[in-house]
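Okay, structure first, notes after.
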Amino acid sequence: MGPLIDALRDPAAYAHPAGRVEVIETHISWVLLAGEFAYKLKKPVRLPFLDFSTLAARRHFCEEELRLNRRTAPGLYLDVLPVVRTGAGGARIGASGEPVDYAVKMRRFADEALADAMARRGALGAAEIDELAAVLARFHAAAPGADLASVYGMPEAIEAPALGNFDQIEAPDPASAVRLAALRAWTLREGARLRPVFTARREQGCVRECHGDLHLGNIAFLAGRAVPFDCIEFDPQLRCIDVMSETAFLVMDLLAHRLPRLAWRLLNAWLEATGDYEGVGVLRYYLVYRALVRAKIARIRGADGDFRGLLALAEALARERRPALVLMQGLSGSGKSVLAQSLLERLGAVRLRSDVERKRLHGLDARSRTGAEFGAGIYDAAAGERTYARLAALAAGVLEAGYPAVVDAAFLEQEQRTRLLREAQRRRVPCAIARCTASAATLRRRVGAREQRGEDASDAGIAVLERQLARARPLAPEEQALAITVDTDTPAGAQRGLEAIAARLAQTGEGEAYAAH
């Protein structure tokens, strides 16, 4: 490790109680664990993708690491301190004198707090995923957009690392070489097809200064909060990327951990918060790319079992095209949104919510209370027309990208349903109407409780429900063949409905997307 790191193993090198100092070594850094703190030093190396060979460079990148990681983890990243030599071959961090190196001072946390450790022991659940999606959405919203005069986010800048993966993976056997060649050909084809989309997303501000290496191993849950850390500081091209590329990394990592329902929950929570449904069109490309990045790292580390699993995941992600359309239909309080959440997790689907998109069209937060009367304000006929037109357009994009779309709206009027069903019929993909029902007493109880809490995206209260009950009409005869009635009065009834919808779609090849991975 070298004499400097050996000197920093001495507890006397620190201005606080350090106890036994442990050293973690990577190919570009050393991390010294000393008492309540950790100190990260950059190795004096020059590699094809970074240059830490001079003292000035190491100081600069320590300061960049501090600056960038304070965006998401200000409580962890504390300072950049000089490392100074003392007499008799010793060293001290933070002392006065001529620096021989620099260290990033960080607050330590228990390894058990890491999201990947939580995933392995079954401690990562819906609450953590929802928190992570919210943190990620806020981070992306605040991150500065890429300078359009730069190369960041240009098609060539996206394709180069994706294709470079294949040059850097040494296949362990001839069969793997064949599989990698097929994935390389897929990456070339998809990259060429998506070039106009990459360019458009760059111009629309979707390329931002992100984290760059956001997988479960770089996220800690501290006091119930998701804290991303250890972002890429040495190459802005690796962090100035499409926000969907970053989100895809986490989705892929959850799939690799065999947590598909959490993967789709994360994606949908992030989409609902950001409204970036157009990004679903590039999701598959980035999922495959991120799986191959991890496969490359596994191969470099000699973890051939992990490599083969990630290679199989990349193949499945490239191969899967399972579009379908499910319309959630029913009165307020009929359980549409709860069932839709279960469906999106089971099917690997993208959910579109009328309550959220209606407010987004009017520049409102999903949970804001409008106070608008039924048939007025954002609930008048014109606003309804705009809302259902947006749902149809977004659903079309999801179907084109090859994913199931679950559209969560009341759909009380036939023309609203017909508009959406045409999108599926035009593409010849399977569709179903999940007709959610419950007793009037159950509807009133649920809506009343929701109205009192005031936390849901839906503004519908008891007065709206009563109008719906008075105006409710059955499905048209031609819609009956597509309908699956789901009695949500009891959990068992809702579960039977969920199984029936999945079974209907499974008859045409849908139903359990990515569940095996």
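Measure off 7 Å from each Cα along the Cα-to-Cβ vector at Glu170 and Val100, then give the distance between these two points in nanometres to one decimal. So the two model labels end up 3.5 nm from each other.
Here Arg70 and Val338 are evaluated by their C-beta separation; at R0 = 30 Å the FRET efficiency comes out at 0.20.
In terms of packing, defined here as the mean over residues of other Cβ atoms within 10 angstrom, the peptides 235-242, 348-355 line up highest first as 348-355, 235-242. Taking a ≥ b ≥ c as the square roots of the eigenvalues of the alpha-carbon gyration tensor, the range 1-100 is classed oblate because a/c is 1.5 or more while a/b is no larger than b/c. In this structure, Leu163 and His362 have a Cβ-Cβ separation that, at R0 = 41 Å, corresponds to a calculated FRET efficiency of about 0.45.
Bridgeable lysines around Lys336 (alpha carbons under 19 Å apart, same-chain partners fewer than 8 residues away excluded): Lys359. Computed extension gain for Ala149 through Glu203, at 0.36 nm per residue and net of the alpha carbon distance, reaches 18.3 nm. Largest first, the three principal axis extents of the alpha carbons in the chain are 90, 54, 45 Å in whole numbers. As a calculated quantity, the FRET efficiency between Ala312 and Ala123 at R0 = 22 Å, using C-beta atoms, amounts to about 0.25.
If each residue of separation counts as 0.36 nm, what is the full-extension length gain between Leu222 and Leu188 once their alpha-carbon separation is subtracted? Walk me through the numbers before you get to the answer.
Details: separation 34, 0.36 × 34 = 12.24 nm, distance 4.10 nm.
Stretched fully, the Leu222-Leu188 segment lengthens by 8.1 nm.
Every number here is computed from the coordinates shown, using simple stated rules; none is lab data. Model, not experiment: these values are computed from the prediction. No Cβ is skipped: glycine too gets one built from the backbone with ideal geometry, and neighbour counts run over all protein chains shown.
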